[in-house]
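Since the structure comes first, as structure tokens, the remarks are kept for the end.
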Amino acid sequence: MSLVIGNWEWTELAVACMSILGGSFVLGTAGFGMGLFAVPLMLTLIDPVTVVVCMNTVALLMYSLVLLQTKEHLQLRKMAPITVAGMLAVPLAIYFLNSFNVTLLRIIISLIILISAIAFCFNIQRALPRENVIAPVFGFAVGLMLVTLGTGGPLLVLFLFTQGTSKQAF
């Protein structure tokens, strides 16, 4: 007989807690990357929709704390288009999250995380023209990724690095 807490088996709960703990350590160390660390581990036992909802809930709490600590460095004028575009992506992302096949969602999440990790390992950066035009596009893409895949921060960080934004500003 297995121990069940709510709809979670004890092994799923243990993997989720350890993944989130490790992801929180990465977030505290690098300032981003919680989903990059936690999502692949959680996907080993937990369905993708539950992983995404769990990660977004925890990330909202964690990033709210980060925001409180770094609010004096926040560049509202620079971040507003990205934020608004990201919020506009949420309805479409929820539709995708509910309509994707679970296996396909696992594959997409894994590929996005792998590509993000490779981009960071090789410090891939490209200068992007017309920041005022491209920023909302990245914001929309990140909003779509965060809600659908549970990770999207690395793409935003790569974009902000190419724009010369300091780490404290995001």
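Every number here is computed from the coordinates shown, using simple stated rules; none is lab data. Because the structure is a prediction, the values reported are computed rather than measured. Cβ coordinates were reconstructed from backbone atoms using ideal geometry, including for glycine residues, and neighbour counts include every protein chain displayed.
Assorted remarks:
- Working note: Karplus 6.51/-1.76/1.60 with θ = phi - 60° gives the stretch 108-117 the couplings 4, 4, 4, 5, 4, 5, 4, 4, 4, 4 Hz, where Gly and Pro are set to x.
- Cα-based helix-to-principal-axis angle, 90-99 vs the chain, degrees rounded to 10: 30
- According to the calculation over all Cα-Cα pairs in the chain, the P(r) per 5 Å bin from zero is 1, 8, 16, 21, 21, 16, 9, 4, 2, 1, 0, 0 %.
- Label positions at Leu45 and Asn7, each projected 7 Å from the Cα along the C-beta direction, are separated by 1.7 nm.
- Lys/Arg +1, Asp/Glu -1 at C-beta; the chain dipole; positive extreme among Ala93, Cys121, Thr148: Cys121
- Modelled label positions at Ile107 and Asn132, each set 7 Å beyond Cα in the direction of Cβ, lie 4.2 nm from each other.
- Nearest-ten-degree value, helix 76-88 long axis tilted from longest Cα axis of the chain: 40
- ³J(HN,Hα), Karplus 6.51/-1.76/1.60, whole Hz, each residue of the stretch 149-154, x for Gly, Pro: 10, x, 8, x, x, x
- Label-point separation, Thr162 to Ala117 (7 Å along Cα→Cβ), nm: 2.3
- Packing-based order for 78-85, 140-147, using average beta carbon neighbours within 10 Å, highest first: 140-147, 78-85
- Nearest-20 debye value, the chain charge dipole, Cβ charges on Lys, Arg, Asp, Glu: 560
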